[in-house]
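What follows draws every value from the coordinates through simple rules; no lab data is involved. The structure displayed is predicted, hence computed values, not measured ones. For neighbour counting, all protein chains shown are included, and Cβ atoms are generated from backbone atoms with ideal geometry for every residue, glycine included.
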Amino acid sequence: MAKKIILSVKNLVRTYGEGKAKTEAVKGISFDVKKGEFIALSGPSGSGKSTTFHQLSLLDNPTSGIINFCGQNIIKLNEDDKSNFRLKRIGYVFQHYELLPELTAIENIYLPLMVDKGITTEIKKKAEKILNEMGLLERKDHYPAELSGGEQQRIAIARALIKEPEMILADEPTANLDSVAGIKIMETLKKLNKEKGITIFVINHEKAFEKYFDRIILLKDGKIERIKK
Ligand code: ADP
């Protein structure tokens with residue numbers, strides 16, 4: 001049976017500036033992501049990857065176009081609903097991990113749930129279970145500065161997972177890691193995708209990691225050049 005489409009991007013355009021300074025960063029791209037897919041957005045520097053990611057993340061408003069997530073055009077949500085959407089439905093993983101330095105590993109993981117409920121025993125148990133799955137339970141009381149880059153990124157993935165997100169958006173999650181730590185992050189994401197069926201959308205420009213993805217959307221000059229696989 002054909003897989004359901006979780007994300008559908010239609011004619012997405014993002015233009016910066018006006019007149020002579022006008023830059024068309026994304027020039028009307030369209031693509032679908034199927035539920036449970038592990039998909040990459042790739043392309044040379046300046047091709048529009050970050051701009052596209054910011055639109056999908058609802059961190060920036062497109063000039064025009066539609067982003068349907070589970071059938072709802074999320075661009076049209078009001079600011080409160082956008083914040084809620086980011087908090088509850090999507091897990092984010094960034095290049096620089098974005099952990100809070102003054103919180104321990106486990107506190108960083110609680111964070112998305114604390115906003116609503118404070119820290120409950122249930123939340124603590126859930127965070128410990130995820131940390132254990134990430135192989136980092138013994139690091140739970142360490143601060144980010146006491147962890148390696150790869151460990152920090154796995155904490156960031158755990159923080160995304162505690163929300164039980166429908167999709168994970170990852171912006172070059174291996175960019176600041178050596179190749180061994182990078183492979184471990186890719187293996188971790190692939191396992192989550194396979195075992196939990198989470199849809200994962202990754203900006204990636206490392207050739208060596210292409211084998212992990214079901215499909216790769218290749219951008220060039222703000223347009224889709226082709227979709228590989
Ligand atoms: P990539 O992530 O693939 O390197 P970007 O999405 O960052 O590409 O950039 C695409 C194009 O948009 C580039 O020409 C870049 O200079 C331009 N651009 C990106 N952000 C801005 C901005 N805030 N203001 C003006 N131009 C921008």
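Listed values, structure above:
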{"item": "For residue 177, residues with placed amide H under 5 Å, excluding near neighbours", "result": "none"}
{"item": "HN-Hα J in Hz across region 17-24 - Karplus 6.51, -1.76, 1.60, θ = phi - 60°, x for Gly and Pro", "result": "x, 9, x, 5, 8, 5, 10, 8"}
{"item": "Ratio Rg/Rh, restricted to region 52-98 and using Cα atoms, in which Rh is the Kirkwood radius", "result": "0.96"}
{"item": "134, 114 arranged by Cβ crowding within 10 Å, fewest neighbours leading", "result": "114, 134"}
{"item": "Fraction of the pair-distance distribution of region 104-147 above 14 Å, Cα-Cα pairs, percent", "result": "44 percent"}
{"item": "Globularity ratio of region 9-111, using Cα Rg and 2.2 N^0.38 Å", "result": "1.23"}
{"item": "Along principal axes, Cα extents of region 152-196, largest first, whole Å", "result": "28, 18, 15"}
{"item": "Pairs of alpha carbons in the chain whose separation is greater than 30 Å (percent)", "result": "25 percent"}
{"item": "Eligible aspartates and glutamates near residue 125 by straight Cα distance, threshold 15 Å, same-chain separation 8 or greater", "result": "107, 133, 138, 141, 164"}
{"item": "Set of aspartates and glutamates with alpha-carbon distance to residue 207 below 13 Å, sequence-local pairs under 8 removed", "result": "172"}
{"item": "³J(HN,Hα) computed for each position of region 127-136 - Karplus, 6.51 cos²θ - 1.76 cosθ + 1.60, integer Hz, glycine/proline x", "result": "5, 5, 5, 5, 4, 5, 4, 7, x, 10"}
{"item": "All aspartates and glutamates inside 16 Å of residue 228 as judged from Cα atoms, apart from same-chain residues fewer than 8 positions distant", "result": "32, 37, 206, 210, 214"}
{"item": "Options 119, 101, 77, ranked by Cα towards positive dipole end of region 71-129, top entry (Cβ charges)", "result": "77"}
